[in-house]
Amino acid sequence: MKTVLVSGANGNLGTAVVLSLLQNGYKVIALVLNEDMKRSFISHINLRTEVLDLTNETLTSQFIQELIE
């Protein structure tokens, strides 16, 4: 099963993309900006929701390294 990373997942377009990917059998890592957005986001067995501010290069780099490992 392929995994897709979606940034801005809690926006209108992002949510539609996440739902479409899940319906088509993908695992999805959904990135949202804060914990409130994470708590209110959809739930699915193939969905992992993470809080990440992509403007923070250090945290983004650490997150990507963790995904690779």
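Quick rundown of the values:
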{"read-out": "Count of the range 12-31 residues which are free of Cβ contacts under 8 Å to residues at least 24 places away in the same chain and either under 18 Å from Lys2 (Cα atoms) or open to solvent by less than 90 Å² (accessible area, probe 1.4 Å) (or both)", "value": "8"}
{"read-out": "Residue within the range 36-44 that is surrounded by 11 or more Cβ atoms within 10 Å (Cβ to Cβ), more than 12 Å from the chain's Cα centre (by Cα) and either part of a helix (DSSP H, G or I) or modelled with pLDDT under 95 (or both) present", "value": "yes"}
{"read-out": "Residue list for the range 20-35, filter: in a helix (DSSP H, G or I) and either out of contact with any strand residue (DSSP E or B) (no Cβ under 9 Å at 6 or more places or on another chain) or among the hydroxyl-bearing types (Ser, Thr, Tyr) (or both)", "value": "Ser20, Gln23"}
{"read-out": "Selection count where residues are open to solvent by 50 Å² or more (accessible area, probe 1.4 Å), under 19 Å from Ile68 (Cβ atoms) and within 12 Å of the chain's Cα centre (by Cα), scope the range 2-11", "value": "3"}
{"read-out": "Candidate set from the range 47-69 (those that are closer than 20 Å to Met1 by Cα and out of contact with any helix residue (DSSP H, G or I) (no Cβ under 6 Å at 6 or more places or on another chain)); member that is least open to solvent (accessible area, probe 1.4 Å)", "value": "Leu47"}
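The values are calculated or read from the model by the stated rules, or taken from the named source; none is laboratory data. Note that the structure is predicted; figures quoted are calculated from it, not measured. Glycine also receives a Cβ, built like all others from the backbone with ideal geometry; neighbour counts cover every protein chain displayed. Surface areas here come from the heavy atoms of the whole protein model, side chains and all, with no ligands, DNA or RNA. Shrake-Rupley method; radii C 1.70, N 1.55, O 1.52, S 1.80 Å.
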